[in-house]
Every structure is written in C-alpha cells, then in structure tokens.
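Quick notes on the structure that follows.
The values are calculated or read from the model by the stated rules, or taken from the named source; none is laboratory data. Just so it is clear, the model here is predicted, and its values are computed rather than measured. Methodologically, a virtual Cβ is constructed for each residue, glycine included, from the backbone with ideal geometry; neighbour enumeration extends over all protein chains shown. Side chains are part of the model used for accessible areas, which takes the heavy atoms of the whole protein and leaves out ligands, DNA and RNA. Shrake-Rupley method; radii C 1.70, N 1.55, O 1.52, S 1.80 Å.
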Amino acid sequence: GLAECGDRADAGLLRPLLAHPAAGVRARAVAGLRALDCVDTKQLRPLLDDSAAGVVREAALALLPSAKELPADWLVERTGSEQPRHVRVGAYRLLDACGGIVALRVAVGLLEDPDEKLRTWAGQSVQRWHPSADVRTREAEVGELLDRSRHLFGDHELRRRKWEAGV
C-alpha cells in the first residue's frame, strides 16, 4: 500500500523489509520499490538466490530493466540444474532479456533441461533470437548453437537465421 500512495522518499521505509524473515513481506517490499521506481540493482541482486519463489520472481521482475548491468557469468551459474527451479527461472528470464550470444547459448543449453516448462521457454527464446549488435559477424559459435537447435526450425528458417548472423 505504501508504494501505491507514497512517493520515492518512502523507499527508505521499504528497504529494511528486504531482509524480513517472512517471504511475503520481502516480496512485497521488492514490488513496492519497483512501483516507486527505486530499484537498487546491488541491493536486489542477492534476492535472486532467495529461498522463496515469490521473492525471486519479484526481484527478477524489478531487475529486468537493468538486466544488462548484471554479470552474465553470475546469472549463467544460476541456471544450472543444481539450483532450485525458481532461481533458474529468474536468472534465465534476466539472461533472455539481455539478448545476444549469451542468451542464445543459455537457451540452447536449456533445451536439454529436465524441467519441461523451462525447455519450452528456452525453445521459444531460440526461435525468437536474432543477432544483436554485440554478436560479431561470422561468429562460428552462433552457427553451432543454431545447428544444435535445428529441430526448432525448418531448413529455410535455419538458413535465414545463419545468414542474418553472417554464418
């Protein structure tokens, strides 16, 4: 409620609640900071490892606009099968928002994931992927990744994607 009727100056009241013992309170504090447009990336980043799925979901949503500022390697570590599902989904959501070859690499890796929903999201991400400015033309890894995801494309579409990437 504070975020709905308060202003940015009230963010100081919500920040201590990020460490509250109740997961629901932590999640609503993150949502409140997002509503007040007072997201501090350094402060919310540790919440991507929270034990509560709702907290991780809210933290990932709040961090989406600054996803490219987060260390990609750190996020990739959180997509490993040893991580809880909610942590993996939050990290993948942020990596997907970053785009580029890292997003493609992670999505192709998740095509073999034991979690059906995560596999499906990864497949959709691969199908939506197009080279961005940070992908070097003729980068061999892009061709290899697209070949590994061949089953998601028709022959014509796969050739077109490789052509776009200069492969």
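Worth a mention:
- Compactness of region 26-137 - radius of gyration and Dmax, Cα, Å: 13.8, 44
- With K and R counted +1 and D and E -1, the other residues having a Cβ less than 10 Å from that of residue 115 yield a net charge of +2.
- Additional length obtainable on full extension of the chain from residue 41 to residue 68, 0.36 nm per residue less Cα span: 8.6 nm
- Of 56, 89, the residue with the largest accessible area leads and the full order is 89, 56 (1.4 Å probe).
- Estimated dipole of region 64-128 in Debye, rounded to 20 [Cβ of Lys and Arg +1, of Asp and Glu -1, Cα centre]: 200
- The chain - percent relative contact order, Cα under 8 Å, separation 6 or more: 14
- Cross-link reach is defined here as a Cα-Cα straight distance under 27 Å, omitting same-chain residues fewer than 8 places apart; for residue 42 the lysines meeting it are 68.
- For residue 82 and residue 141, the difference between the fully extended length at 0.36 nm per residue and the C-alpha to C-alpha distance is 18.7 nm.
- Förster radius 22 Å - calculated FRET efficiency between residue 97 and residue 164, Cβ distance, rounded to 0.05: 0.60
- Mean projection area, nm², convex hull over Cα of region 62-127: 4.0
- Dipole axis of region 18-167 (+1 Lys, Arg; -1 Asp, Glu on Cβ), positive-most option in 95, 31, 83: 31
- Relative contact order of region 78-129, pairs being alpha-carbon contacts under 8 Å that are 6 or more residues apart, as %: 26
- Over all other residues within a Cβ to Cβ distance under 13 Å of residue 92, the charged ones net out to +4, with Lys and Arg as +1 and Asp and Glu as -1.
- MRE, 222 nm, helices only [DSSP H, n ≥ 4, -39500 (n - 2.57), over the chain, to nearest 500]: -16500 deg cm²/dmol
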